[in-house]
Amino acid sequence: MNEKIESKRLDYRFFREDDYPFMIELLGNDSVCQYLPRKVAYPNDIIKRVLDYYIDAHNRDEMQYIYLVLKKDTGRPIGYAGIQMVREFEKYEIFYAFIPGAWNQGFGTEASLRMRELAKEIGLKKVIALADIGNVGSQKVLERTGYDKVSQLPLWGLDLYFYEMSLEDENNDEK
């Protein structure tokens, strides 16, 4: 079990109860949530349920790795990243979200690449990603890190782009 992993500028660790204030900062932010199913900030009770789900993610039967993402130089949390099963497709998704202060600094790209490495390490052959059609930044990250846009579809009340990436093709290095 990879409880802690790292990349060049980021550390990743499993969630803990004391991460609740950060989750309020992240999921209580309308700018972040505009690309999530609620479209607006989540109330604290839902944020707590999300945190509890993330804390317990690695204890479930299916492979799930959900990490708090921290900047190495400050130790400050800036987002989350992970790999989880999307039941609607029965495929594993690489996902991430960051506070607005961490946007446009390459952290999404770095996290996407590290989660791709982890997916290979745990034996996945293919992964998917989903991006809101309005989230141009995330779309660029996905295309830059080796994903192919497959389709546009409605899911969870959102209009999303569906991406796939084969992990068996070694030509998926950052484009």
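Just so it is clear, none of the values below were taken in a lab; they were calculated from the coordinates. This one's a predicted model, so the numbers in the text were calculated from it and none came from an experiment. Note that we place each Cβ from the backbone using ideal geometry, even for glycine, and neighbour counts take in every protein chain shown.
Relative contact order of the chain, taken over Cα pairs closer than 8 Å and 6 or more residues apart, is 17 percent. Local charge for Q152 was computed over the other residues whose Cβ lies under 11 Å away, with Lys and Arg +1 and Asp and Glu -1, and equals -1. Backbone phi angles across the stretch 131-145, fed through the Karplus curve with coefficients 6.51, -1.76 and 1.60 (θ = phi - 60°), yield HN-Hα couplings of 9, 4, 5, x, 8, 4, x, 5, 4, 5, 4, 4, 5, 5, 9 Hz in residue order; Gly and Pro are listed as x.
With Cα atoms as the point set, the chain shows a radius of gyration and Dmax of 15.1, 43 Å. The residues neighbouring N104, those whose beta-carbon lies less than 15 Å from its own, together hold a net charge of +3 under the Lys/Arg +1, Asp/Glu -1 convention.
Applying a DSSP loop filter and a limit of 14 other Cβ atoms within 10 Å to the chymotrypsin sites (Phe, Trp or Tyr not before Pro) in the stretch 123-163 leaves W156. Once both labels are positioned 7 Å from their Cα atoms along Cα-to-Cβ, the gap between Y20 and D52 label points is 1.1 nm. For the chain, the number of Lys pairs separated by eight or more positions or lying on different chains, with C-alpha atoms closer than 13 Å, is 7.
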